[in-house]
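Report on the following structure.
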Amino acid sequence: MQHSETETESQTGIEAGTGSVTVLGLGPMGRALASAFLDAGLRTTVWNRTPGRDRELVARGARGAASAAEAVTASELTVVCVVNYGAVEGILRDGPVADALKGRTVVNLSSGAPEGARGTADWAAAHGIRFLDGAIMTPTTTIGTPAGVFLYAGPEDLYREHRPVLDALNGTHTHLGEEIGRAAAYDIALLDIFWTASAGFAHALAVARAEGITGRELTPYAQGIAAILPPIFEGWAANLDDGDFSGEDNPLTSAVSSMAHIAETSEAHGIDASLMRAVEAGARRTVELGHGTDGFHRIAEVLGRD
């Protein structure tokens with residue numbers, strides 16, 4: 001993934017005992033964020049709609065707020081990490097919370113669609129609340145370590161203002177631009193890769209087991225497949241951007257044949273092949289449109305047509 005000029009490895013600029021932050025939402029990721037802020041020595045206030053999830057954090061020195069309004073009043077910066085933008089708005093649009101946030105900054109690290117980010121940002125602006133949207137691209141275990149990856153979108157001056165606190169999370173932080181939906185758009189596209197690939201691997205395991213191959217036997221070869229994908233992805237992406245759809249090495253007609261073999265083998269074992277059949281159908285449609293000699297990345301262009 002290309003990164004903007006504002007990407008840097010985190011070097012926490014907060015001295016122990018200085019700076020403060022509020023975390024709303026104490027699911028696994030929210031707790032990891034609050035824990036990293038505590039480890040960095042920030043005065044950390046936490047709140048969760050369901051009581052009790054703050055016990056361990058409070059025992060470590062966090063302040064547990066009785067309400068979301070009380071929590072946001074404690075800090076100039078509030079980080080929200082809940083299930084989706086609907087949940088974000090359900091918390092922030094509460095009258096006392098919105099009033100308490102006026103003039104303060106919210107950084108949303110919840111996941112959701114780009115339109116959710118844009119709608120929340122519009123609401124925040126109308127209520128005098130400064131808003132950055134963000135996405136976390138790595139698991140909870142990476143939070144507070146150099147392996148964490150954080151993406152942000154929104155006013156760059158606001159991002160720079162709060163970098164010292166955000167840097168307490170360690171990892172890599174990238175500002176993607178001022179269009180507020182951009183971090184969510186990256187998030188959705190990258191999660192699309194992750195879950196589609198994960199679904200493919202789960203299906204492959206099912207087919208392999210049906211043929212008497214264990215998961216441990218298959219995995220080294222699956223890792224080999226995964227290792228060849230980065231340069232393939234890079235080539236497809238560059239060719240798509242350049243309008244080059246050459247499929248000289250592996251035309252779509254060949255790919256369709258391979259997909260059919262996978263689906264037929266799956267179905268012979270009674271394994272649901274709907275995922276592969278859907279991919280096959282998209283490839284066949286692309287061939288029928290006259291692109292049979294093109295590469296697989298032509299499908300992205302066809303999918304994006306009106």
Practice task
List the relative contact order of the chain as a percent without decimals, with contacts defined as Cα pairs under 8 Å and 6+ residues apart.
Solution key: 15 percent
Completion exercise
Per residue convex hull volume, Cα only, the range 107-155, in Å³ is 77 Å³
Completion exercise
Ranked by GNM mean-square fluctuation in the chain (Cα springs under 10 Å), the top entry among Leu38, Leu92, Leu229 is Leu229
Completion exercise
FRET efficiency for Asn250 and Thr138 from the Cβ-Cβ distance with R0 = 25 Å, rounded to 0.05, comes out at 0.20
Exercise for the section: Would you mind checking the tilt of helix 114-126 against the longest principal axis of the Cα atoms of the chain, expressed as 0 to 90 degrees and rounded to 10? Expected result: 20 degrees
Handout entry: With Cα atoms, 0 to 90° folded angle of helix 215-242 axis to the chain main axis
Key = 80 degrees
Practice task
Report Rg (one decimal) and Dmax (nearest whole number) for the range 211-303, counting Cα atoms only, units Å.
Solution key: 14.9, 44
Completion exercise
With a ≥ b ≥ c from the Cα gyration tensor eigenvalues, square-rooted, and the rule rounded for a/c under 1.5, otherwise prolate when a/b > b/c and oblate otherwise, the range 117-271 is prolate
Problem - Projected area averaged over orientations for the range 8-178, convex hull of C-alpha atoms, nm² - result: 8.5 nm²
Problem - Square roots of five times the Cα gyration tensor eigenvalues for the chain, Å - result: 43, 22, 18
Handout entry: Nearest-20 debye value, the chain charge dipole, Cβ charges on Lys, Arg, Asp, Glu
Key = 1320 debye
Exercise for the section: Compare the peptides 265-276, 151-162 by average per-residue count of other Cβ atoms within 10 angstrom and give them in order, highest first. Expected result: 151-162, 265-276
Exercise for the section: Rounded to the nearest 10 degrees, what's the angle between the helix 252-268 long axis and the longest principal axis of the chain, both from Cα atoms, 0 to 90? Expected result: 90 degrees
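With charges set only on the Cβ (+1 for Lys and Arg, -1 for Asp and Glu), what does the dipole of the range 211-303 come to about its Cα centre, in debye to the nearest 20? Could the numbers behind the result be given before it?
Numbers: 5 positive and 15 negative charges, 51 e Å.
So the magnitude is around 240 debye.
Show that you can apply the helix-only estimate: for the chain, add -39,500 (n - 2.57) for every DSSP H stretch of four or more residues, divide by all residues, and state [θ] at 222 nm to the nearest 500.
Calculated from helices alone, the mean residue ellipticity at 222 nm is -16000 deg cm²/dmol.
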Practice task
Would you mind ranking Val21, Val256 by Cβ crowding within 10 Å, fewest neighbours first?
Solution key: Val256, Val21
Practice task
First measure r as the distance between the Cβ atoms of Ala300 and Thr214, then evaluate 1/(1 + (r/R0)^6) with R0 = 35 Å and state the FRET efficiency to the nearest 0.05.
Solution key: 0.50
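Rule-based calculations on the coordinates, nothing more; no lab input. Worth saying up front: this structure is predicted, and the values here are computed from it rather than measured. All Cβ positions, even for glycine, are placed from backbone atoms using ideal geometry, and neighbour counts span all protein chains on display.
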